[in-house]
Amino acid sequence: MNPAEKGWLKEYIGFRNPHPIDLSEFSITNHRNSLYKILQPTGLIYGHPIHPPGLKHPKAHRWNSLGRRKIVVIECFFHSAILNGKNSPQTTEEWKDFYYNTSCSIGSFYCHLDPHLSPKSFLFFKKPHKEELSFTERILHKKLLIKSKWDPFWISLFQNSLIFLDSYYFGEWHAGRFSNIKWHKDAMKLALLRIIAASAHANQIIKRAEKTIFNTFLESSKLSKEQEKTAKKAFREGITLDQIDLRFVDTWLLKKYVLELTILIIWADKVIADEEKAFLSALATRLGFNKTDLDASLIAIEAFVIENWKDVYFLQSKHSFQIINQTIHERIVSVMNNYKERIIQELVKNRALQSLIEKSRIKTLDEMEKEIVRIELIKVLKAIPSFETVSLPSNFLTLPILIKLLPKEILPINLQA
């Protein structure tokens, strides 16, 4: 199977059929933020889909980047649909129907967003096919293909992050709960453009890079002429956060999306200046988030970059790995200081960890035991409310780093040996 070739979706469904989606591996406890928890590590929300959630195809390493992105996106839609469904499939046959019907529904969903969209609109293919899987294939290809006069980094970020938004809307639409999606999505895009304009005016100096970012997102948004005019006016004349209507950003996930995309727009291009820190703080407040929530979103972005450093070449020329590593540690400490009592409670509940801590008071642990301590300490961190939805960079949280991060009164000195 190769996602670069026609017919790949049918073959992929054949591969996927025997494998149910197992939500337990994501430790889902809160439906409100479960889709974010599953999809955030994929990178789709940050415009750079790298890893599909759940199942990995054994031949994925042979595919090109466009092919890998297609699989990430189709899996994001699968997971969104299953999270929003009333009843999960139980039998092998039911899962087979789920994967097939959901794949076909993606084409219908995009036709719902754009009534002019149909198999006949894809004229660059020799003959339009009526078969639903082929139609979905072509839509995904068109959505993920990067063609623009603007900076490929920014066009990729905006194009793909809007597909993350689509995966959210698809789950709601698939469950029959959302009918005015096009209006809502356009309102979201216009709000984001106005936020970009407000961010650019935060220090009263409009830089060339900020204008490029705005124009790139404007092109990706495909808004109406009237909405484009409104967005351009905001960028040209300036706008403040207080002047932006955010009432329709009405779910936790949409608020998180707006906050983290704004952070990435500011963070990915340069060091965050004091005026921009104040802007992000004000935006978080407008969205109903506190400082700890803002830190958690910054950690989420930095953790994704650290965990996927070899693949995030688009940031390597703009940020130092050592600096990112240092800042994420500082933020984790800041968040943990707000949850000392919770950390102690989680340590007490973790019998395996308690046993090894007690043992360490008597003698030095061997390497295997230290690794168990490391893994269990990461589990303790993930139990903190602010980290429940964040994919922490486990490979970089070594035992010495964890001991350094945790409040000194929590762990015995013997573990530091």
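The values are calculated or read from the model by the stated rules, or taken from the named source; none is laboratory data. The structure displayed is predicted, hence computed values, not measured ones. Reconstructed Cβ throughout: ideal geometry from the backbone, glycine too, with neighbour counts over all protein chains shown. SASA here: full protein model, heavy atoms, side chains in, ligands and nucleic acids out. Shrake-Rupley method; radii C 1.70, N 1.55, O 1.52, S 1.80 Å.
A few notes on this one:
- Selection from LEU66, SER24, PHE78, by position along the positive dipole direction of segment 6-80 (Cβ): LEU66
- Selection from SER360, PHE279, HIS201, by position along the positive dipole direction of the chain (Cβ): HIS201
- For segment 164-311, alpha-carbon Rg over 2.2 N^0.38 Å: 1.05
- The long axis of helix 321-336 is offset from the longest Cα principal axis of the chain by roughly 70 degrees.
- Subset of LYS6/LYS86; LYS56/LYS379; LYS142/LYS222; LYS59/LYS86 violating a 26 Å alpha-carbon distance limit: LYS6/LYS86; LYS59/LYS86
- With every protein chain in place, the chain: carbon and sulfur % of accessible area (1.4 Å): 52 percent
- DSSP-assigned coil residues among trypsin sites (Lys or Arg not before Pro) in segment 171-259, each with at most 15 further Cβ atoms within 10 Å: ARG177, LYS207, LYS222, ARG247
- Gained length - PHE248 relative to THR92, 0.36 nm times residue gap less alpha-carbon distance: 52.2 nm
- The alpha carbon centroids of segment 214-268 and segment 378-402 are separated by 32 Å.
- Note on segment 256-401: dipole from Cβ charges, positive end direction compared against LEU298, VAL348, ILE324; the farthest Cα belongs to VAL348.
- Taking the Cα atoms of the chain, the ratio Rg/Rh between the radius of gyration and the Kirkwood radius comes to 0.98.
- What the chain shows is 48 Å² of accessible area per residue, with the surface traced by a 1.4 Å probe over protein heavy atoms.
- Share of alpha-carbon pairs per 10 Å distance bin for segment 238-373, given as whole %: 10, 30, 29, 19, 10, 2, 0
- Between GLN326 and LYS142, the modelled labels are 4.9 nm apart [label points 7 Å from Cα along Cα→Cβ].
- Net +/- balance of residues flanking PRO400 in space, Cβ distance below 10 Å, scoring K and R +1, D and E -1: +3
- For GLU11 and ASN101, the difference between the fully extended length at 0.36 nm per residue and the C-alpha to C-alpha distance is 31.0 nm.
- Derived scalar couplings ³J(HN,Hα) [segment 85-99; Karplus, 6.51 cos²θ - 1.76 cosθ + 1.60; whole Hz; x for Gly, Pro]: x, 6, 10, 7, x, 10, 8, 4, 5, 5, 5, 4, 5, 4, 5
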